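See below for the structure under consideration.
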Amino acid sequence: MIWNETMECMSRKDMRKIQEIRLKKTVERVYHNCEPYRKRMQEAGITPGDIQTLDDIVKLPFTSKKDLRDYYPFGLLSVPMSEIVRLQASSGTTGKPIVVGYTRKDLSVWGETGARCFTAYGLGKQDVVQVSYGYGLFTGGLGAHCAVETIGGAVLPMSSGNTEKQIMLMHDFGAVGLACTPSYALYLADAMKDSGIPREEFKLKIGAFGAEPWTEAMRVEIQEKLGIKAYDLYGLTEIIGPGVGHECEFQNGTHLCEDHFYPEIVDPDTGEPVAPGEMGELVFSTITKEGMPLLRFRTRDLTSLNYSVCECGRTSVRMGRILGRCDDMLIIRGVNVFPSQVESVICEMPELEPHYFIEVDRVNNLDTFEIRVEVKEEFYTDEMNRLLDLRKRIVHRLQSVIGLSPDVKLVEPRSIERSQGKAKRVNDKRNFYEL
Ligand code: ADP
Ligand code: ZN
């Protein structure tokens with residue numbers, strides 16, 4: 001099913017026309033209503049009149065998380081506070097949170113894009129959808145909540161945590177959809193098994209998972225363990241929250257709601273646009289937002305864009321899986337390593353659970369690289385030789401994928417701490433900033 005066929009299936013030419021009109025309007029709006037933008041544009045020697053076509057967008061300066069911190073809390077709003085009806089924030093990694101303000105119209109855009117996502121997953125009016133993203137300042141809970149309400153489904157606002165109750169209500173209320181982080185989905189899968197309630201007694205069919213990077217291998221794992229179809233749900237606080245993009249039934253790329261959020265891919269080092277289809281940093285300009293429009297916001301997310309028409313009939317651009325964030329990338333002994341590469345190796349080995357933890361340190365000027373990973377119950381044995389052999393195979397496989405041989409520690413099932421929100425799977429103890 002398609003929520004908004006006009007917008008989701010429009011010709012590329014018409015889409016560009018709409019994007020152009022909306023972009024121009026947004027540039028005008030921020031120039032006249034937001035001091036920091038006006039200053040930036042003046043410094044770059046441009047006025048709104050210089051943005052006539054979509055291609056002119058490259059003339060605009062970038063914005064980044066740092067700008068949101070520098071103008072904390074409300075410096076980037078383009079409307080008076082009296083127009084703001086909701087505030088949300090993301091913890092970020094350091095220091096002050098990042099705050100965004102929504103007008104009533106922004107909330108309805110959020111509902112619209114969220115509705116496109118949940119409709120594409122095959123959910124509708126008749127379905128109970130359990131939202132197990134955290135509610136509160138984090139956009140996950142309220143974003144998914146508003147999406148489900150917009151499509152007319154019955155939202156079950158569980159928030160994260162309280163796992164036993166999650167399972168009980170999922171069963172008793174017959175939830176068909178589940179929205180949470182992929183790591184929490186795995187946690188719930190174990191809890192479902194522990195509950196002793198037979199799988200057939202649950203109605204769960206569809207998962208809307210996001211808020212953190214996950215691999216194709218992790219999707220397979222979740223689909224098997226939960227017996228559902230697991231779809232990607234993408235979003236970020238600065239742009240609106242969950243609902244910036246979604247997969248469709250073909251699970252072959254994440255469609256972006258590009259009539260609201262105009263995407264570009266740039267080289268993360270130079271900021272120059274990359275060739276079509278190439279991997280780089282995703283940059284968004286919000287082109288309908290009123291409260292806090294952002295122009296050319298650097299997401300730090302690494303991916304690529306595919307403009308071909310999807311089998312589902314949607315013409316909206318599809319984003320490839322997020323490899324990670326530029327700032328997630330670890331440089332270990334000079335080699336670039338993304339946690340997602342480690343994850344795909346772990347998920348492809350049948351003896352391992354998809355639970356792992358990476359620890360990097362520096363001892364005597366040498367980087368250490370340790371990966372702890374859980375072995376499945378049925379493969380966990382006292383026989384030293386079998387475990388040693390398994391370990392050898394993992395190291396070998398990692399060596400061929402990432403070009404490094406980490407110190408792999410096989411640990412008992414369920415010994416690695418589980419996450420109920422965004423998973424934390426890396427501890428980089430090398431403190432570069434203190435040097
Ligand atoms: P924070 O920056 O504090 O994590 P957000 O909750 O706004 O704040 O997180 C947005 C980020 O989460 C995105 O920029 C991206 O890195 C990640 N993310 C969100 N959804 C997905 C997804 N479906 N796949 C991969 N990464 C995702
Ligand atoms: Zn599609």
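The values are calculated or read from the model by the stated rules, or taken from the named source; none is laboratory data. Worth saying up front: this structure is predicted, and the values here are computed from it rather than measured. As a convention, Cβ positions derive from the backbone with ideal geometry for all residues, glycine included, and neighbour counts pool all protein chains shown. Surface accessibility is based on the protein's heavy atoms, side chains included, excluding ligands, DNA and RNA. Shrake-Rupley method; radii C 1.70, N 1.55, O 1.52, S 1.80 Å.
Looking for whichever is more than 20 Å from ALA185 (Cβ to Cβ), open to solvent by 50 Å² or more (accessible area, probe 1.4 Å) and either touching a Pro at 6+ places or on another chain (Cβ under 6 Å) or assigned to a loop (DSSP other than H, G, I, E, B) (or both) here; the options are GLY271, GLY291, GLY277. Which one fits?
Numbers: GLY271 fails: open to solvent by 50 Å² or more (accessible area, probe 1.4 Å); GLY291 fails: open to solvent by 50 Å² or more (accessible area, probe 1.4 Å).
From the options GLY271, GLY291, GLY277, the qualifying one is GLY277.
Matching residues to (1) modelled with pLDDT of 95 or more; (2) over 21 Å from PRO263 (Cβ atoms); (3) touching a Pro at 6+ places or on another chain (Cβ under 8 Å):
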{"position": "GLY313", "(1), (2), (3)": "yes, no, no"}
{"position": "ASP328", "(1), (2), (3)": "no, no, yes"}
{"position": "VAL335", "(1), (2), (3)": "no, yes, no"}
{"position": "GLU348", "(1), (2), (3)": "no, yes, no"}
{"position": "MET384", "(1), (2), (3)": "no, yes, no"}
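Out of GLU343, GLU348, I need the residue that is within 16 Å of ligand 1 (Cβ to nearest atom), on the phi < 0 side of the Ramachandran plot and of a type in the set (D, E, K, R). Which one? Give the steps one after another, and end with the answer.
Numbers: GLU348 fails: within 16 Å of ligand 1 (Cβ to nearest atom).
Just one listed residue meets the conditions, GLU343.
Which residue is nearest to ligand 2 (Cβ to nearest atom), if the candidates are limited to segment 312-337 and must be part of a loop (DSSP other than H, G, I, E, B), basic (Lys, Arg) and assigned by TED's automatic domain parsing to the domain that holds ASP301? Lay out the reasoning, then the answer.
First pass over segment 312-337, keeping only residues part of a loop (DSSP other than H, G, I, E, B): 312-317, 320-323, 329, 333-334.
If we keep only those that are basic (Lys, Arg) as well, we get 314, 321, 333.
Filter once more, so that each one left must be assigned by TED's automatic domain parsing to the domain that holds ASP301: 314, 321.
Details: ARG314: 5, ARG321: 15 Å.
Step by step, filter segment 312-337, then rank; the result is ARG314.
Scan segment 323-339 for residues that are touching a helix residue (DSSP H, G or I) at 6+ places or on another chain (Cβ under 8 Å) and within 16 Å of ligand 1 (Cβ to nearest atom) and jot them down. Walk me through it before giving the result.
In the first step, residues of segment 323-339 are kept if they are touching a helix residue (DSSP H, G or I) at 6+ places or on another chain (Cβ under 8 Å); the result is 323-324, 328, 330, 335, 337-339.
Listed by number, the residues that qualify are LEU323, GLY324, ASP328, LEU330, PHE338, PRO339.
Looking at (1) on the phi > 0 side of the Ramachandran plot; (2) open to solvent by 50 Å² or more (accessible area, probe 1.4 Å); (3) touching a residue at least 24 places away in the same chain (Cβ under 8 Å), which is the only condition ASP428 fails?
Here ASP428 meets the rest and fails (1).
Let's see how each residue does on (1) open to solvent by less than 40 Å² (accessible area, probe 1.4 Å); (2) under 21 Å from THR299 (Cβ atoms):
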| position | (1), (2) |
| --- | --- |
| MET10 | yes, no |
| ARG16 | no, no |
| LYS24 | no, no |
| ARG69 | no, yes |
| LEU77 | yes, yes |
| PRO80 | no, no |
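Report whether or not ASP267 is touching a helix residue (DSSP H, G or I) at 6+ places or on another chain (Cβ under 9 Å) and among the acidic types (Asp, Glu).
Numbers: touching a helix residue (DSSP H, G or I) at 6+ places or on another chain (Cβ under 9 Å): no; among the acidic types (Asp, Glu): yes.
Taking the combined requirement at face value, the residue does not satisfy it.
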